[in-house]
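The values are calculated or read from the model by the stated rules, or taken from the named source; none is laboratory data. Nothing here was measured: the structure is a model prediction, and the numbers come from that model. Virtual Cβ from ideal backbone geometry, glycine too; neighbours counted across all protein chains shown. Remember, those area values only see protein heavy atoms, side chains included, never the ligands or the DNA or RNA. Shrake-Rupley method; radii C 1.70, N 1.55, O 1.52, S 1.80 Å.
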Amino acid sequence: MSEHGPEKGIKRWLFTTNHKDIGTLYLWFSFIMLLVGGAMAMVIRAELMYPGMQVVNPNFFNMMTTMHGLIMVFGAIMPATVGMANWLIPMMIGAPDMAMPRMNNWSFWILPFAATMLVLPMFMGGDFLAGQGPAFGWTFYEPLSGQYDNLAFFIFAVHLLGISSIMGSINIIATILNLRAPGMTLMKMPMFVWTWLITAFLLIAVMPVLAGAVTMMLTDKYFGTSFFDAAGGGDPVLFQHVFWFFGHPEVYIMILPAFGIVSQIIPTFARKKLFGYSSMVYATAAIAFLSFIVWAHHMYTVGMPVAGELYFMYATVMIAVPTAVKVFNWTATMWRGAMTFETPMLWAVAFVFLFTIGGFTGLMLGVAPSDFQYHDTYFVVAHFHYVLVTGALFALIGGVYYWLPKWTGNMYDEKLGKLHFWLSVISVNVLFFPQHFVGLAGMQRRVPDYAVQFADWNFWSSIGGFVFGLSQLLFMYIVIKTIKGGEKASDKVWDNPEGLEWTVPSPAPYHTFETAPEIK
Amino acid sequence: MTHAQGGYYLPSPSHWPLVGSIGLFLTTFGFALNPNDPTFLMYIGLAIIAYMMFGWFGTVIRESEGGLYNDQVDRSYRWGMMWFIFSEVMFFAAFFGALFYARQLALPWLNGEGNNAMTNEILYNGFQAVWPTDANGPANVGGDYKIIEAWGIPALNTLILLSSGVTVTWAHWGLKKGNRGQLILGLLATVILGFTFVGFQAYEYIHAYTEMNLTLGSGIYGSTFFMLTGFHGLHVTIGAIMLTVMLLRSMKGHFTADNHFAFEAAAWYWHFVDVVWLGLFIFVYWL
């Protein structure tokens, strides 16, 4: 066993304290979850391809929408961003590793067990196709979720996911605040590091609140408490308040690291410095602050005093200001840049366009009176998929293409990368854009059947869904091909990219910056 | 294989995290199989977690006493503990939020306040939710109950916890002066006060369940009362165990005047449970 190399065999991955190993584990775990959640999405699209009941029974359909949402949020997007953080933050700030490497291992190794707790109930009760797993929607509203038999499995899955997220976030904050190389002042940090510092704060602030919410569910169901039961003086709406106090910051937890990734990619391929760096930092902080005080915009139609509706409406649309600062900054970075469009840049530019569409529909939904029209329709589904798929996921995929040569030492296949991009970007719009139309026309979400008037757009949406889903297998092929070999990447990989990670060899050695670099 | 280049201690690969994960999994799995009568798997899981904590903390203590940690590592642990306590604060915030929501919004609405006149008229006719004595809802869930008055045991417990905050600080002064006797005496007093608090709480719970018909099932009052005080009691117990470990380590000669973060972490945690208690005393028992 050499002093600097990894351990051999499975032990390397089980016991590792190396941030690059742990980053790799997170990224593969999240990709597997992406495929599982994607398969569930395809079941949903298969059912909705034609009106009438087609493929699965309604309960199974509900289980698919529920598990798809939970797996994509907690299994795919969140761990993928943490994987990026593990790989990149120590290299970006010139640190030898994460601040607490053993706890870093634990943050990851809780996840497979949490995922097991989450999916296990689908297979309990004997008949898988009967849909006996969680089928109460990914938001698990009480009192519906309280009717479910194996609720405790779901609750503990959430607890474990929360423990993992909190420990991961504590590690990231400690690393950023304490392990920066001399001279790496806060306002010199790469944007990705900044966005993760703020994301980690959000996670530590809201994951415990989610833990509180599911704990109340647990005691309500099994130990006789009345938190969400009006008969005992509680209130089911209380659940929604507690859930969305977590849930709204949660959407920024998923998107802020994506902002960070895009802020790294665009300057490299525009060959200009990021426009308005400090305003990017302040906008990120402003978004994070606002995310705590807007949660009830998910509950306009539940019944709230008018003053509450107005307050949450104004607070919500205020988020458009810092978000627009970011979009304008990305655009201004590209303005008169010497632009080239390698695969990572294609994903980043698509992100700017398509995330902005999701932002605009968000504004429409944020306005209380119009939300009364759109609430719980496919318009909402279209909105948050533009934000999370063409937003968060696109940025993550772009980030993988951007840093893959640094991680593996090999260049990916540019032709295949571009093919993957164009297949994805066209199909994803065929998939989600029509959902705006059917939603505005009144098609309900979370229902396996619909009126025939929605048939045409749903057909195209399903076609888009299948193409988009299958395109991601091409992504897997490209990544594995790059790991196995290919044209050797230079240390800088790209044309003069900014950042410490490009100063180390490709592939990045097992240990980097054991002696802190000098930052001018 | 340990890396200490550049001064920052990087631990070699460790099996403790995976042991902890298996323990957590068995605990939750064994509990979830039958929440009202947890299976033996849960106890095995808890035993594995305890084993992991002995092993992992033991490793950390050996590394610390072995001088492997420099100031920078110390600062990482400080940040870590601070943010961990912040996460705990937010956990309690969820339950305090539920309490305030129930008292200020949900119950008044059931009474017909705001635009809810018809809710009361039609659904809960004649219901008057008076906090605290009649706050178990229109269905009188759990039946009539009596409440624990603030100025009995709870006030005494407030005095005990506040005193323990003083004794732990006095112990810290002793440590910083290099007066080990004062450190051990102060810690011993703190631990005794801490477990006394837990004992009074247990007595109060038994009294509530057997004499006052105040249970976890006493509507929203019982729910918020027992969940808030229960989780707090659990945290006091954890904090007292942490301080007991610090006491034993002090007696073994661990810690120096300028290197004793484990002690400080336990003290921070102790002040945190102290502050939460003040919130409980004011909003749960008193007002």
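Key figures for this structure:
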read-out	value
Every pair of residues 6+ apart whose Cβ atoms lie under 7 Å, when the first sits in the range A:146-163 and is facing another protein chain (nearest Cβ under 9 Å) and at negative phi while the second is charged (D, E, K, R) and open to solvent by 10 Å² or more (accessible area, probe 1.4 Å)	A:Leu151/A:Lys221
Selected residue (criterion: farthest from the other protein chains (Cβ to nearest Cβ)) from residues of the range B:94-120 that are part of a loop (DSSP other than H, G, I, E, B) and not polar (S, T, N, Q)	B:Gly112
First in the range B:162-173 and in the same structural domain as B:Thr244 (by TED's automatic domain parsing) and in a helix (DSSP H, G or I), second anywhere and acidic (Asp, Glu) and at pLDDT 95 or above, Cβ under 9 Å, 6 or more apart	B:Leu162/B:Asp274; B:Ser164/B:Asp274; B:Gly165/B:Asp274; B:His172/B:Glu264
Of all residues making up the range B:37-87, the number that are under 23 Å from B:Ser21 (Cα atoms) and either touching a strand residue (DSSP E or B) at 6+ places or on another chain (Cβ under 9 Å) or of a type in the set (Asp, Glu) (or both)	2
Any hit, the range B:26-49, residues being within 11 Å of chain A (Cβ to nearest Cβ), in contact with a helix residue (DSSP H, G or I) (Cβ under 6 Å, 6 or more places away or on another chain) and within 24 Å of B:Arg249 (Cα to Cα)	no
Scope the range A:223-242; condition more than 7 Å from chain B (Cβ to nearest Cβ), crowded, with 24+ Cβ neighbours inside 10 Å and in a helix (DSSP H, G or I); matching residues	A:Phe239
Some residue of the range A:269-279 being buried (at least 23 other Cβ atoms within 10 Å of the Cβ), of a type in the set (Ser, Thr, Tyr) and in contact (Cβ under 8 Å) with a residue 60 or more places away in the chain	no
Positions within the range B:249-287 being among the polar types (S, T, N, Q) and either surrounded by fewer than 19 Cβ atoms within 10 Å (Cβ to Cβ) or within 17 Å of the chain's Cα centre (by Cα) (or both), in sequence order	B:Thr256, B:Asn259
Selected residue [open to solvent by less than 30 Å² (accessible area, probe 1.4 Å), of a type in the set (Ser, Thr, Tyr) and in contact (Cβ under 8 Å) with a residue 24 or more places away in the chain] from B:Tyr77, B:Tyr145	B:Tyr145
Selection within the range A:384-405 - over 25 Å from A:Gly247 (Cβ atoms) and aromatic (Phe, Trp, Tyr)	A:Tyr401, A:Tyr402, A:Trp403
Hits in the range A:92-125 - residues which are at the interface with chain B (Cβ under 8 Å from one of its Cβ atoms) and of a type in the set (S, T, N, Q)	A:Asn105, A:Thr116
Residue that is in the same structural domain as B:Ile85 (by TED's automatic domain parsing), at positive phi and out of contact with any strand residue (DSSP E or B) (no Cβ under 9 Å at 6 or more places or on another chain), where the choices are B:Gly253, B:Gly233	B:Gly253
Flag for B:Leu123 being modelled with pLDDT of 90 or more, facing chain A (nearest Cβ under 10 Å) and over 26 Å from the mean Cα position of the chain (by Cα)	no
Residue match in the range A:185-194 (condition: of a type outside the set (Phe, Trp, Tyr), within 12 Å of another protein chain (Cβ to nearest Cβ) and not in a helix (DSSP H, G or I))	no
Flag for A:Asp220 being among the charged types (D, E, K, R) and either surrounded by fewer than 22 Cβ atoms within 10 Å (Cβ to Cβ) or at the interface with chain B (Cβ under 7 Å from one of its Cβ atoms) (or both)	no
Pick from the range B:126-142, criterion buried (at least 18 other Cβ atoms within 10 Å of the Cβ) and within 7 Å of another protein chain (Cβ to nearest Cβ), ranking: nearest to B:Ile282 (Cα to Cα)	B:Ala135
Test: residue in the range A:197-211 that is open to solvent by 10 Å² or more (accessible area, probe 1.4 Å) and away from every other protein chain (no Cβ under 13 Å)	yes
Matching residues, the range A:484-498, being of a type outside the set (Phe, Trp, Tyr) and surrounded by 16 or more Cβ atoms within 10 Å (Cβ to Cβ)	A:Gly486, A:Ala489, A:Val493, A:Pro497
Test set (1) closer than 20 Å to B:Ala94 by Cβ; (2) open to solvent by 20 Å² or more (accessible area, probe 1.4 Å); (3) over 16 Å from the mean Cα position of the chain (by Cα); (4) of a type in the set (Phe, Trp, Tyr) - B:Tyr221 fails condition number	(2)
Extreme residue, farthest from the other protein chains (Cβ to nearest Cβ), among residues of the range A:295-328 that are among the small types (Gly, Ala, Ser) and without any contact (Cβ under 8 Å) to a residue 60 or more places away in the chain	A:Ala324
Condition met for B:Gly222 (within 12 Å of another protein chain (Cβ to nearest Cβ), assigned to a helix (DSSP H, G or I) and closer than 15 Å to B:Asn157 by Cα)	no
Pairs, first in the same structural domain as B:Val245 (by TED's automatic domain parsing) and in contact (Cβ under 8 Å) with a residue 12 or more places away in the chain in the range B:187-216, second open to solvent by 60 Å² or more (accessible area, probe 1.4 Å) and hydroxyl-bearing (Ser, Thr, Tyr), C-beta under 7 Å, six or more apart	B:Thr215/B:Tyr209
Index of the failed condition, A:Met42 passing every other in (1) in contact with a helix residue (DSSP H, G or I) (Cβ under 6 Å, 6 or more places away or on another chain); (2) over 21 Å from A:Phe15 (Cβ atoms); (3) open to solvent by less than 10 Å² (accessible area, probe 1.4 Å)	(3)
Among the residues listed as A:Ala115, A:Ala85, the single one being more than 28 Å from A:Phe513 (Cα to Cα), among the aliphatic types (A, V, I, L, M) and within 17 Å of the chain's Cα centre (by Cα)	A:Ala115
The lone exception for B:Asp71 - which of (1) over 24 Å from the mean Cα position of the chain (by Cα); (2) facing chain A (nearest Cβ under 9 Å) it fails	(2)
Subset of the range B:114-139 (residues that are at positive phi and either touching a helix residue (DSSP H, G or I) at 6+ places or on another chain (Cβ under 6 Å) or in the same structural domain as B:Gly219 (by TED's automatic domain parsing) (or both))	B:Gly137
